[in-house]
Amino acid sequence: MPAIFQTTLLLILSNIFMTFAWYGHLKTLNHRVWYIAALASWGIALFEYLLQVPANRIGFTALDLPQLKILQEVITLAVFIPFALLYMQQPLKLDYLWAALCLLGAVFFTFRG
C-alpha cells in the first residue's frame, strides 16, 4: 500500500480518537470534575498517539512537512464535522462549508508544486 494511503488511513483513525479525547467528555463527563475528564481524555489520547506517530513517520517518507500538516488538518475537519453533527448533535452551519473550502485552497497551494 502506498505511503500516502497508509498515512491517510492512520490519520483518520488517529483523528477519531483525538476528537473523542478532546471533545467527547463535554457530552459524557460534563457532570464530573474536570480532572476525571482529563484522565479519561489522556487514556483515549494514548491510542491517538499510537496511530498518529507512525502515520507521521510513514507520511514523512512521501510528503514534506507542510503537506503532512495540511493533510492532517483536512482529515481533522472531515472527522470533526460528522462528530459534531451526529455525536454532539450540533446544528449544521454553512460556515463548515466555507471552512472546508478554505482548507481545499490550502491543499491546492501546498500540493501544487
Take LEU68 and decide whether it is farther than 17 Å from LEU26 by Cβ, touching a Gly at 6+ places or on another chain (Cβ under 7 Å), surrounded by 15 or more Cβ atoms within 10 Å (Cβ to Cβ) and not aromatic (Phe, Trp, Tyr).
-> yes
Scanning for something without any contact (Cβ under 8 Å) to a residue 24 or more places away in the chain and loosely packed, with under 14 Cβ neighbours inside 10 Å, does the range 12-27 turn up at least one residue?
-> no
Those residues of the range 20-62 which are modelled with pLDDT of 95 or more, touching a helix residue (DSSP H, G or I) at 6+ places or on another chain (Cβ under 7 Å) and assigned to a loop (DSSP other than H, G, I, E, B) amount to PHE60, THR61, ALA62
Report whether or not ALA37 is small (Gly, Ala, Ser), farther than 30 Å from THR61 by Cβ and out of contact with any Pro (no Cβ under 8 Å at 6 or more places or on another chain).
-> yes
So LEU85 clears everything in (1) over 20 Å from THR8 (Cα atoms); (2) modelled with pLDDT under 90 except one condition, right? Which one?
-> (2)
Selection over the range 85-113 where residues are without any contact (Cβ under 8 Å) to a residue 60 or more places away in the chain and part of a helix (DSSP H, G or I) yields a count of 20
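The values are calculated or read from the model by the stated rules, or taken from the named source; none is laboratory data. Because the structure is predicted, anything quoted here is derived from the model rather than measured. No Cβ is skipped: glycine too gets one built from the backbone with ideal geometry, and neighbour counts run over all protein chains shown.
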